[in-house]
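The values are calculated or read from the model by the stated rules, or taken from the named source; none is laboratory data. Note that this is a predicted model, so its numbers are computed, not measured. Don't worry about glycine lacking a Cβ; one is built from the backbone with ideal geometry, like all the others, and counts go over all protein chains shown. Just so you know, the surface numbers come from the protein's heavy atoms only, side chains and all, with ligands and any DNA or RNA stripped out. Shrake-Rupley method; radii C 1.70, N 1.55, O 1.52, S 1.80 Å.
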Amino acid sequence: MRVMIIRHGKVLHDWKKWCTSAEFDEQCALYDKAPIDKASVDTVNDDIQIVYISDLDRTLQTAEKIFGEEDFNRTALLNEVPLHSGFDIAIRLPLSVWNFLGRLQWLIGNKRQPEGRKQTSKRAVCEHDNKA
């Protein structure tokens, strides 16, 4: 069996460079709903029998551009790691600060993030075990 791993196409979302915590959370939600630039995706001329994708819309758009209209196996187990602001504050901070704090909290398993590194690892193992 051949396995092909793809990443979604370029997301058409312009991130705000400076955000409050609420604005950062809103930006993350908008990013998750934003369409992709279909010109950034190439098609594949291989005979692929089964395609697994995350349940994010951008992944479905990418898969349809690559493989055409297919019956894809969608699962949240393949979703990207979600990210939330590191703390509540009304002061605007650079986007890079919010991303850094969120990923640091993910790494150490802070409850502020919807998922920690251990949960991400479990999700990956669960996906592997379900397909084995």
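Before moving on, here are some points about what is shown:
- Residues satisfying the criterion are present in the range 117-129 (criterion: of a type in the set (K, R), surrounded by 14 or more Cβ atoms within 10 Å (Cβ to Cβ) and touching a Leu at 6+ places or on another chain (Cβ under 8 Å)).
- Restricting attention to the range 23-66, the residues being farther than 26 Å from S96 by Cα, in contact (Cβ under 8 Å) with a residue 24 or more places away in the chain and not in a loop (DSSP other than H, G, I, E, B) number 8.
- Tally of residues being surrounded by fewer than 13 Cβ atoms within 10 Å (Cβ to Cβ) and in contact (Cβ under 8 Å) with a residue 40 or more places away in the chain across the range 8-22: 2
- Qualifying residues in the range 77-101 (those that are in contact (Cβ under 8 Å) with a residue 24 or more places away in the chain and part of a helix (DSSP H, G or I)) - the one most open to solvent (accessible area, probe 1.4 Å): L78
- Selection count, the range 23-76, where residues are open to solvent by 40 Å² or more (accessible area, probe 1.4 Å) and in contact with a Leu (Cβ under 6 Å, 6 or more places away or on another chain): 2
- Filter pass, N110 being over 24 Å from L12 (Cα atoms), surrounded by 14 or more Cβ atoms within 10 Å (Cβ to Cβ) and either at pLDDT 95 or above or of a type in the set (V, I, T) (or both): yes
- Of all residues in the range 10-22, none satisfies being in a helix (DSSP H, G or I) and aromatic (F, W, Y).
- Number of the exception - K65 against (1) over 23 Å from T120 (Cβ atoms); (2) at pLDDT 95 or above; (3) in contact with a Lys or Arg (Cβ under 6 Å, 6 or more places away or on another chain): (2)
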